[in-house]
Amino acid sequence: MLTLANHTFPSRLLTGTGKFSNPSIMKNAVKAAQSSIVTLAMKRVASHSAQDETLSALKALGVTLLPNTSGAKNAKEAVFAAELAYEALGSPWVKLEIHPDQRYLLPDPIETLLAAEALVKKGFHVLPYCGADPVLCKRLEEVGCVAVMPLGAPIGSNQGLQTKPFLQIIVEQSSIPVIVDAGIGKPSEAMAAMEMGVDAVLVNTAIATAQNPVAMAEAFASAVVTGRKAFEAGLGATSDLAQASSPLTAFLEPTL
Amino acid sequence: MTQININVNNQPMSVISPISLSELIALKQLKDDGTAVAKNAAIISKNEWPTTYLSDNDTVDIFTLVAGG
């Protein structure tokens with residue numbers, strides 16, 4: 001169970017809805033992922049034909065919708081986007097993301113912290129996408145975010161846990177849930193993150209762009225469950241030298 | 001009845017006044033659910049749409065939720 005802002009969610013795999021070839025495949029993939037929380041974006045739309053079917057497909061699944069502030073380039077725009085999402089959905093959940101640079105889509109730490117503080121004061125449940133910076137994650141926790149979402153690698157890059165040593169520090173220090181967002185490209189990487197003790201992972205591109213998104217969603221779902229089970233079981237210690245698994249008796253050696 | 005010019009999502013549009021935000025949303029055939037509206041950069045709650053009327057040169061931005069990560 002994942003607990004965020006006193007709400008419990010059965011799944012530790014959050015799914016993004018972007019990049020799927022159509023809403024029907026997206027819906028089936030989210031179902032196969034067994035996700036409890038699913039992300040969406042806000043967009044200007046001028047006609048019925050431009051209004052996509054994502055929202056109605058997700059409402060049918062009964063998942064918690066987590067709108068993001070993608071497109072915002074500073075704190076002011078992100079707060080505006082969050083308020084629009086609140087008006088559209090009537091829900092206080094928001095994935096705060098502010099990435100002014102289009103090439104690497106890396107989150108702006110200063111604007112993110114400013115926006116997080118403002119949104120918490122307005123009563124939002126804020127989940128900020130952020131760099132894997134342990135100090136920033138503590139600051140985001142202090143201003144009242146319900147979780148932190150440090151990146152494993154740039155959005156959509158499928159490069160995996162490039163930030164692993166820093167994620168480990170964040171997990172060690174954080175008193176709020178840690179959700180690895182961005183960069184996870186394979187189920188083994190999601191599992192590795194869960195084994196480290198992160199509370200959840202968010203996966204979008206790796207599922208949406210797989211040859212078979214529904215099967216990939218299933219693979220991620222079982223990887224996350226297995227990784228969490230391993231973490232809870234307590235991993236054995238690592239060692240530079242061999243540690244014998246069998247008794248080192250001398251019975252095979254010739255007698256003198 | 002007078003014709004007014006408004007700007008909807010950065011596109012000029014001529015409409016017959018009086019027209020409320022609710023009527024504009026209906027004219028655009030948009031669903032209320034999952035839609036948010038700002039008039040002159042201020043967000044207008046759904047319950048205020050029927051009583052919010054548009055004036056000449058007003059700017060309206062209509063947003064909806066779409067697929068995203």
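FYI, it's all coordinate maths here, none of it is from the lab. All values reported here derive from a predicted model rather than from experimental measurement. Neighbour counts are summed over all protein chains in view; Cβ atoms, including those assigned to glycine, are modelled from backbone coordinates with ideal geometry.
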Filter segment A:130-164 for residues that are in contact (Cβ under 8 Å) with a residue 60 or more places away in the chain and closer than 16 Å to residue A:107 by Cβ and give the result.
A:147, A:156
Scan segment A:60-105 residue by residue and report those that are at the interface with another protein chain (Cβ under 8 Å from one of its Cβ atoms) and among the charged types (D, E, K, R).
A:83, A:87
The number of residues in segment A:96-115 that are part of a loop (DSSP other than H, G, I, E, B) and in contact (Cβ under 8 Å) with a residue 24 or more places away in the chain is 9
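Residue-by-condition table, conditions (1) within 14 Å of another protein chain (Cβ to nearest Cβ); (2) touching a Pro at 6+ places or on another chain (Cβ under 6 Å); (3) among the small types (Gly, Ala, Ser):
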| residue | (1), (2), (3) |
| --- | --- |
| A:145 | no, yes, no |
| A:158 | yes, no, no |
| A:172 | no, no, no |
| A:211 | no, no, no |
| A:223 | no, yes, yes |
If you go through segment A:20-30, how many residues are surrounded by fewer than 20 Cβ atoms within 10 Å (Cβ to Cβ) and either over 12 Å from residue A:207 (Cα atoms) or within 12 Å of chain B (Cβ to nearest Cβ) (or both)?
5
Filter segment B:1-41 for residues that are in a strand (DSSP E or B) and either in contact with a Cys (Cβ under 9 Å, 6 or more places away or on another chain) or within 14 Å of chain A (Cβ to nearest Cβ) (or both) and give the result.
B:6, B:7, B:8, B:11, B:12, B:13, B:15, B:35, B:36, B:37, B:38, B:39
Given (1) within 19 Å of residue A:164 (Cβ to Cβ); (2) within 14 Å of chain B (Cβ to nearest Cβ); (3) among the polar types (S, T, N, Q), identify the lone condition not met by residue A:238.
(2)
Selection within segment B:9-44 - free of Cβ contacts under 8 Å to residues at least 24 places away in the same chain, surrounded by 13 or more Cβ atoms within 10 Å (Cβ to Cβ), aliphatic (A, V, I, L, M) and under 17 Å from residue A:83 (Cβ atoms)
B:43, B:44
